[in-house]
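To start, the structure itself, in structure tokens.
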Amino acid sequence: EDYRIWGPCQWFQNIRLPYYHMLESGRYDQMKSLFNFYFSLLPMSQARTKIWFNHSGAYFPETMTQYGTYASGSFGWSCHGATNTTPSNTYIRYHREGGIELSVMAMDWFAHTQDVAYFKSTLLPQIISYVEYYVHHFTTNSSSGLLDMYPGQALETWQCPSVTRTTCVTNPMPQVAGLHALLPRLLALDPTLVDPATTATWSSLYKILPPIPMQGGILMPGQLFPSRTSNSENAELYAIHPYRTVGIYSMQEEGINSYNVRKFHGNSGWSQDIMDAALLGLSNVTGAMAVERAAAAPFTGYRWIGFQTGIGAGGPITDHGGVALAALRYMLVQSGLLINGTVSDMIVLFAGWPCQDWAVDFKVHAPNNTVVSGSYDGAGHLTNFAVNPVTAKNRIKFAACVIDENVSWK
């Protein structure tokens with residue numbers, strides 16, 4: 001059993017982070033350990049949803065045991081009978097959106113590998129159940145006709161200690177942005193992979209999604225949310241990472257303005273500031289942040305050098321290094337960007353890369369079994385540039401650093 005300072009559970013917000021860079025590294029088989037773990041718990045998640053809420057679908061809580069249940073201390077030692085469905089721990093009480101993020105990761109994995117067999121056997125059953133939870137669990141707003149995700153919370157930071165509109169979050173950003181990122185991917189699937197009834201259900205849900213929560217051009221943690229915060233996550237920036245609904249080609253100005261006024265700042269552990277900066281194309285800050293993050297010394301006392309301790313969570317953790325690797329990936333290459341409600345097939349290079357003096361030799365993987373490689377000299381010139389298969393050349397876009405005239409193809 002996993003045990004850290006914060007408790008003996010699997011914490012999705014932490015264990016996901018080392019997997020984000022694996023797509024561009026081509027480490028597809030290693031990502032299966034994450035997908036397989038949650039797939040093994042799908043029957044448990046489905047059963048809990050049916051027993052507690054009397055509807056189909058599935059969710060998994062932010063923190064759970066290795067067999068899928070809440071830890072006793074999180075659910076509550078005094079459970080008040082079998083009908084109680086409200087965990088006592090307000091940090092995770094309505095923190096149930098991990099299935100959406102896992103589904104987007106799964107769809108990105110499938111976009112890269114085109115592995116139909118694994119997708120149908122292991123990924124698609126989870127995705128269908130996680131989306132089905134949102135289909136049945138919430139009603140629509142009587143005025144707008146849009147999905148009304150309430151009561152809710154935005155990660156651990158904006159909680160719901162008592163169920164009122166002023167003390168809970170309505171339409172939290174992670175859930176809204178996540179569904180905006182996921183459903184277009186699902187609706188673009190080859191119709192031979194999904195039955196028509198499921199596709200129709202997804203389409204109906206997509207039509208009633210509330211808009212990305214914003215006020216005055218600034219991203220918000222939710223449509224409604226309390227002023228009190230209990231942790232230090234910038235939930236409003238989940239529209240940038242992990243969901244890429246906001247980025248260099250979609251509401252970039254709003255994203256940058258929101259990033260600049262974010263409530264919490266950090267560049268260690270699980271803080272995603274550097275990933276957000278890279279996805280927004282803020283190459284003026286990403287380089288210094290990457291150097292700062294890389295300067296953290298390995299913690300002694302663990303057999304694996306990649307472990308750190310006490311940086312935002314109890315050790316041993318891989319958050320710090322996982323975020324650093326993912327950020328470097330976003331600085332160099334971006335794909336799967338959502339532009340005007342459609343997932344783009346562009347492979348965007350150097351969007352967050354410090355163009356001056358940062359030379360790099362790279363080989364990265366992209367959707368549709370594409371491999372891109374080359375050498376950038378830190379002065380505007382790209383040599384030995386290759387795209388395999390060559391038919392993917394028209395999907396390449398240089399966001400910064402180089403222009404076509406300074407590219408030497410291999």
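For residues that are more than 14 Å from M149 (Cβ to Cβ) and surrounded by 24 or more Cβ atoms within 10 Å (Cβ to Cβ), tally how many sit in the range 203-232. Qualifying residue count for the region: 1. Taking the listed residues A386, A392, A366, the one that is of a type in the set (A, V, I, L, M), in contact with a Lys or Arg (Cβ under 9 Å, 6 or more places away or on another chain) and open to solvent by less than 20 Å² (accessible area, probe 1.4 Å) is A366, with no other qualifying.
When residues in the range 233-258 are screened for being closer than 24 Å to S144 by Cβ and either open to solvent by less than 50 Å² (accessible area, probe 1.4 Å) or of a type in the set (D, E) (or both), 10 of them pass. Here T192 fulfils each of the conditions (1) β-branched (V, I, T); (2) more than 19 Å from the chain's Cα centre (by Cα); (3) surrounded by 15 or more Cβ atoms within 10 Å (Cβ to Cβ); (4) not in a helix (DSSP H, G or I) apart from (3).
Scanning the range 330-347 for residues that are out of contact with any Gly (no Cβ under 9 Å at 6 or more places or on another chain) and either crowded, with 23+ Cβ neighbours inside 10 Å or in a strand (DSSP E or B) (or both) yields a total of 4. Would a scan of the range 177-189 turn up a residue that is part of a loop (DSSP other than H, G, I, E, B), more than 17 Å from the chain's Cα centre (by Cα), crowded, with 20+ Cβ neighbours inside 10 Å and at pLDDT 95 or above? Within the range 177-189, none of the residues are part of a loop (DSSP other than H, G, I, E, B), more than 17 Å from the chain's Cα centre (by Cα), crowded, with 20+ Cβ neighbours inside 10 Å and at pLDDT 95 or above. As for the range 201-216, it holds at least one residue that is of a type in the set (K, R) and over 21 Å from the mean Cα position of the chain (by Cα).
Does L209 satisfy the condition of being of a type outside the set (S, T, N, Q) and in a loop (DSSP other than H, G, I, E, B)? For L209, the condition - of a type outside the set (S, T, N, Q) and in a loop (DSSP other than H, G, I, E, B) - is met. Considered as a group, the residues in the range 147-171 that are out of contact with any strand residue (DSSP E or B) (no Cβ under 7 Å at 6 or more places or on another chain) and within 17 Å of P61 (Cα to Cα) include one that is most open to solvent (accessible area, probe 1.4 Å), and that residue is P161.
The values are calculated or read from the model by the stated rules, or taken from the named source; none is laboratory data. Everything quoted here is computed from the prediction, not taken from an experiment. Backbone-built Cβ (ideal geometry, glycine too); neighbour counts: all protein chains shown. Quick note on the areas: whole protein, heavy atoms, side chains included, nothing else; ligands and nucleic acids left out. Shrake-Rupley method; radii C 1.70, N 1.55, O 1.52, S 1.80 Å.
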